[in-house]
Amino acid sequence: MASSNAHHATGWAAGIISAALAAQHGSHGPFHVWLWLAFAAGVAGATAPDWLEVAWWSRKKRLWITHRTATHWGLGWLAALFFAWHAMPHHPEAAVAFGFACGGVMHLLADWPNPLGVPWILGRHSLNLWNSGHCDLLVVAASWAGAWFVVSHVWMRGTAPLTMLKHLL
Ligand SMILES: [Zn+2]
């Protein structure tokens with residue numbers, strides 16, 4: 001895995017991206033509640049592929065799913081993302097699932113450059129760029145650049161993101 005710090009930091013970006021897309025595509029709900037939940041789900045989803053495979057409810061916390069197999073399955077996360085996206089206009093609560101899936105995909109993207117790779121469809125694929133834990137800054141910066149792009153281009157066309165923050169708070 002990329003270091004867990006990197007997953008947390010990219011998680012914030014995933015949260016912002018999902019809230020922005022949910023705002024644009026779905027429903028806000030009272031007090032923007034679905035946007036906030038989409039954001040929180042994005043943060044949780046970005047670490048999910050790693051904590052889902054640990055038996056965190058037991059005392060030994062062993063892996064019950066081999067590392068980077070089922071919980072890192074790209075097709076599964078992308079399918080969840082797709083269905084949640086299409087459900088959102090009719091079911092605003094799908095924004096939460098959308099956020100979680102967004103975080104999951106972000107996690108896989110962060111794991112992808114490591115030699116261990118990610119099982120996107122069948123078998124693993126690795127970009128083989130650097131070892132786990134290296135270049136975290138690059139991964140985090142890329143995710144934040146992506147978040148900035150989504151917020152400024154998709155959600156708030158032309159509005160400064162700072163104005164958006166005021167609008168949310
Ligand atoms: Zn991972």
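Computed from the coordinates by the stated procedures, all read-outs in this text should not be read as laboratory data. Note that the structure is a prediction, hence the values are computed from the model and not measured. Virtual Cβ from ideal backbone geometry, glycine too; neighbours counted across all protein chains shown.
When you scan the stretch 13-36, do you find a residue that is free of Cβ contacts under 8 Å to residues at least 40 places away in the same chain, out of contact with any Asp or Glu (no Cβ under 6 Å at 6 or more places or on another chain), within 16 Å of the ligand (Cβ to nearest atom) and not basic (Lys, Arg), even just one?
Checked against the condition, which is being free of Cβ contacts under 8 Å to residues at least 40 places away in the same chain, out of contact with any Asp or Glu (no Cβ under 6 Å at 6 or more places or on another chain), within 16 Å of the ligand (Cβ to nearest atom) and not basic (Lys, Arg), the stretch 13-36 yields no hits at all.
Which residues, taken from the stretch 84-124, are more than 16 Å from the ligand (Cβ to nearest atom), in contact (Cβ under 8 Å) with a residue 12 or more places away in the chain and surrounded by fewer than 19 Cβ atoms within 10 Å (Cβ to Cβ)? Don't jump to the end; show me each part of the working.
Applying the first criterion (more than 16 Å from the ligand (Cβ to nearest atom)) to the stretch 84-124 yields 84-99, 121-123.
Okay, now just the ones that are also in contact (Cβ under 8 Å) with a residue 12 or more places away in the chain, so 84-85, 88-89, 92-99, 121.
Within the stretch 84-124, 89, 93, 121 meet the criteria.
Looking at 79, 48, 55, which is the one that is closer than 25 Å to residue 139 by Cα, surrounded by fewer than 24 Cβ atoms within 10 Å (Cβ to Cβ), away from the ligand (no atom under 14 Å from the Cβ) and among the hydrophobic types (A, V, I, L, M, F, W, C)? Steps first, please.
Values: 48 fails: away from the ligand (no atom under 14 Å from the Cβ); 55 fails: closer than 25 Å to residue 139 by Cα.
Among 79, 48, 55, only 79 is closer than 25 Å to residue 139 by Cα, surrounded by fewer than 24 Cβ atoms within 10 Å (Cβ to Cβ), away from the ligand (no atom under 14 Å from the Cβ) and among the hydrophobic types (A, V, I, L, M, F, W, C).
Test of understanding: among 42, 11, which residue is buried (at least 22 other Cβ atoms within 10 Å of the Cβ) and either in contact with a Cys (Cβ under 7 Å, 6 or more places away or on another chain) or within 18 Å of residue 154 (Cβ to Cβ) (or both)?
42 is the lone residue from the list that is buried (at least 22 other Cβ atoms within 10 Å of the Cβ) and either in contact with a Cys (Cβ under 7 Å, 6 or more places away or on another chain) or within 18 Å of residue 154 (Cβ to Cβ) (or both).
Within the stretch 33-81, count every residue that is assigned to a loop (DSSP other than H, G, I, E, B), closer than 18 Å to residue 6 by Cβ and of a type in the set (Ser, Thr, Tyr).
Final tally of qualifying residues: 1.
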